[in-house]
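Written below as structure tokens is the structure these notes are about.
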Amino acid sequence: MEVNTYNHSLHKILFQWECYSPRQQKIALLALLIFTAFYSTGAYDPLDPNGNITIKWDVVSWTPDGYVAVVTMNNFQMYRHINSPGWTLGWSWAKKEVIWSMVGAQTTEQGDCSKFKGNVPHCCKKTPTVVDLLPGVPYNQQFSNCCKGGVLASWGQDPTSSVSAFQVSVGLAGTSNKTVKLPKNFTLLGPGPGYTCGPAKVVPSTVFLTPDRRRKTQALMTWNVTCTYSQFLASKNPTCCVSLSTFYNDTITSCPTCACGCQNKHNCIKSDSKLLHKEGINTPKKDNTPLLQCTHHMCPVRVHWHVKINYKDYWRVKVAVTNFNYRMNYTLWTLAVQHPNLNNVTQVFSFDYKPLVPYESINDTGMFYGMKFYNDLLMEAGPFGNVQSEVLMKKDKDTFTFKQGWAFPRKVYFNGDECQMPPPESYPFLPNSSPVGSGPVTKFTTSLILILWFMW
């Protein structure tokens, strides 16, 4: 809805541009700039504009004092998954509801249930916090698509593993469509901050097929909650960076200094330190505090893009992903890349690859991810903490060039977070040619120019 509003507003401004006076044009540009800046720091991802996590509540039966609901969490994000220790879902009850029982998940706290005699609820908190069960729980505690430790694959990587579900029996609640009050103030950690959830909205009831697929049943009531991700809310600094090199220039453009912030500079470990042999050094902390290898960029992950070979009709790139965090290995990792020649990928040698086409007329983005049981696990920092592949692309003779940094990616995302690119003027350039200029104008500079123009 918000994205459609933005697109509609942009279209309206451009359509009526000729009708505006010079002063109105300045005001419109300023308003559009502010609106665009809001979306860029919010939960709108231009490479995955429809990506979200949708939480659906289906009331499947009424009870004497409430209802039984199946809660399903669908990750519709193309390249952003939820890794270990998994998702955490919270909400506030509208009245004085309690949770009598749960299957496939559990609350982290029971709360004060002292007023109940005999049958004690599973949770009496006004604001319950729910987590997935771990693999291997007894069969009578399992539910379909549960018990994965809260890990959710991305929709683009593995749709069948991008779903999580549990069943909850709610008491002291409404017992009909008219008396049920929807929960509110939903929160989602995945596993850290970054997600913002909207209000619950009643939608048409979900229709189910019986196992023999010969009969349809229907939920008694259904409501949805949509949660979107913002990297700005998740972290003040980037979590990855990009370095570049080519066969035609000996210069290696490394990640920018302190690309991911240098707040961990005093707690890092050198790659040859004897502390690395200490027992438990790779054990993750409860708060997921990283233990980074000492580097000038201080990023947990580096993506290296190397222009390797130039053929007559093709060109080859080597992509390497290196982990510098001694306390984290990345399962189900993803790498999203934007480059104009990804519309003509001929072969990817050691990764799986899927084109991402959020806009039908543009095919310049693709997702790389590990082959199952081969390299879908990026190990912690050390000799095995890297994965790499080569990509063969066919040239488009009308656009292909090695000039002006064309051979390098425009954007790189690791696990759904945008990586810090080096400044364009530092890119390796062709011999006997000048380096790339000062690069694209930043949003800050653009804002300053337009504000001064408006005030003039």
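The values are calculated or read from the model by the stated rules, or taken from the named source; none is laboratory data. Every value quoted in this text rests on a predicted model; they were computed, and no experiment measured them. Because the Cβ atoms are built from the backbone with ideal geometry, glycine has one as well, and the counts that use them run over all protein chains shown. Remember, those area values only see protein heavy atoms, side chains included, never the ligands or the DNA or RNA. Shrake-Rupley method; radii C 1.70, N 1.55, O 1.52, S 1.80 Å.
Go through the residues of segment 106-124 one by one and say whether even a single one is under 21 Å from Pro191 (Cβ atoms), touching a helix residue (DSSP H, G or I) at 6+ places or on another chain (Cβ under 9 Å) and modelled with pLDDT of 95 or more.
Scanning segment 106-124, I find at least one residue that is under 21 Å from Pro191 (Cβ atoms), touching a helix residue (DSSP H, G or I) at 6+ places or on another chain (Cβ under 9 Å) and modelled with pLDDT of 95 or more, so the answer is yes.
Residue check: is Leu332 closer than 29 Å to Thr88 by Cβ, of a type outside the set (S, T, N, Q) and in contact with a Phe, Trp or Tyr (Cβ under 6 Å, 6 or more places away or on another chain)?
Considered against the rule, which asks whether it is closer than 29 Å to Thr88 by Cβ, of a type outside the set (S, T, N, Q) and in contact with a Phe, Trp or Tyr (Cβ under 6 Å, 6 or more places away or on another chain), Leu332 comes out as no.
Considering only residues that are within 15 Å of Phe414 (Cβ to Cβ) and not hydrophobic (A, V, I, L, M, F, W, C), look in segment 236-250 and name the one that is surrounded by the fewest Cβ atoms within 10 Å (Cβ to Cβ).
Asn237
For Arg327, only one of the following conditions fails: (1) assigned to a loop (DSSP other than H, G, I, E, B); (2) farther than 21 Å from Gly370 by Cβ. What is its number?
In the conditions (1) assigned to a loop (DSSP other than H, G, I, E, B); (2) farther than 21 Å from Gly370 by Cβ, Arg327 misses (2) alone.
Is it fair to say Thr295 is within 25 Å of Lys274 (Cβ to Cβ), polar (S, T, N, Q), open to solvent by 40 Å² or more (accessible area, probe 1.4 Å) and part of a loop (DSSP other than H, G, I, E, B)?
no
Among the residues of segment 180-192, write down those that are at pLDDT 95 or above and part of a loop (DSSP other than H, G, I, E, B).
Listed by number, the residues that qualify are Val180, Lys181, Leu182, Pro183.
How do the pairs read when you match residues in segment 222-248 that are under 14 Å from Gly192 (Cα atoms) with residues anywhere that are open to solvent by less than 10 Å² (accessible area, probe 1.4 Å) and polar (S, T, N, Q), using Cβ under 8 Å and keeping only pairs 6 or more apart or on different chains?
Listed by first residue and then by second, the contacts come to Tyr229/Gln77.
Give segment 341-371 a look and list any residue that's hydroxyl-bearing (Ser, Thr, Tyr) and surrounded by 14 or more Cβ atoms within 10 Å (Cβ to Cβ), or say none.
Across segment 341-371, the qualifying residues are Ser350, Tyr353, Thr365, Tyr369.
Within segment 344-423, which strands (runs of 3 or more DSSP E) (wholly inside it) include 1 or more residues that are among the basic types (Lys, Arg) and under 30 Å from Ile269 (Cα atoms)?
411-414
Within the set of pairs 6 or more residues apart or between chains, which connect a residue that is farther than 30 Å from Gly416 by Cβ inside segment 153-178 to a residue that is polar (S, T, N, Q) with Cβ atoms less than 6 Å apart?
Ser169/Ser101
Residues checked against (1) under 27 Å from Asn329 (Cα atoms); (2) surrounded by fewer than 22 Cβ atoms within 10 Å (Cβ to Cβ); (3) in the same structural domain as Pro355 (by the TED database):
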site: Thr63; (1), (2), (3): no, yes, no
site: Tyr67; (1), (2), (3): no, no, no
site: Arg80; (1), (2), (3): yes, no, no
site: Lys95; (1), (2), (3): no, yes, no
site: Glu109; (1), (2), (3): no, yes, no
site: Lys117; (1), (2), (3): no, yes, no
site: Val120; (1), (2), (3): no, yes, no
site: Asn140; (1), (2), (3): no, yes, no
site: Ala165; (1), (2), (3): yes, yes, no
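Pairs please, first residue from segment 313-324 and closer than 21 Å to Thr346 by Cβ, second anywhere and assigned to a loop (DSSP other than H, G, I, E, B), Cβ atoms under 7 Å, 6+ apart in sequence or on different chains.
Asp313/Lys395; Tyr314/Lys395; Trp315/Lys395
Within segment 360-394, how many residues turn out to be under 21 Å from the mean Cα position of the chain (by Cα) and without any contact (Cβ under 8 Å) to a residue 24 or more places away in the chain?
3
Looking only at segment 251-274, count how many residues are outside any loop (DSSP other than H, G, I, E, B), free of Cβ contacts under 8 Å to residues at least 40 places away in the same chain and surrounded by 14 or more Cβ atoms within 10 Å (Cβ to Cβ).
Summing the residues that are outside any loop (DSSP other than H, G, I, E, B), free of Cβ contacts under 8 Å to residues at least 40 places away in the same chain and surrounded by 14 or more Cβ atoms within 10 Å (Cβ to Cβ) in segment 251-274 gives 0.
It is to be established whether one or more residues within segment 277-285 are open to solvent by less than 40 Å² (accessible area, probe 1.4 Å) and among the small types (Gly, Ala, Ser).
No, segment 277-285 has no match at all.
Of all residues in segment 122-134, count the ones that are surrounded by fewer than 19 Cβ atoms within 10 Å (Cβ to Cβ) and in a loop (DSSP other than H, G, I, E, B).
Residues that pass the stated criteria total 4.
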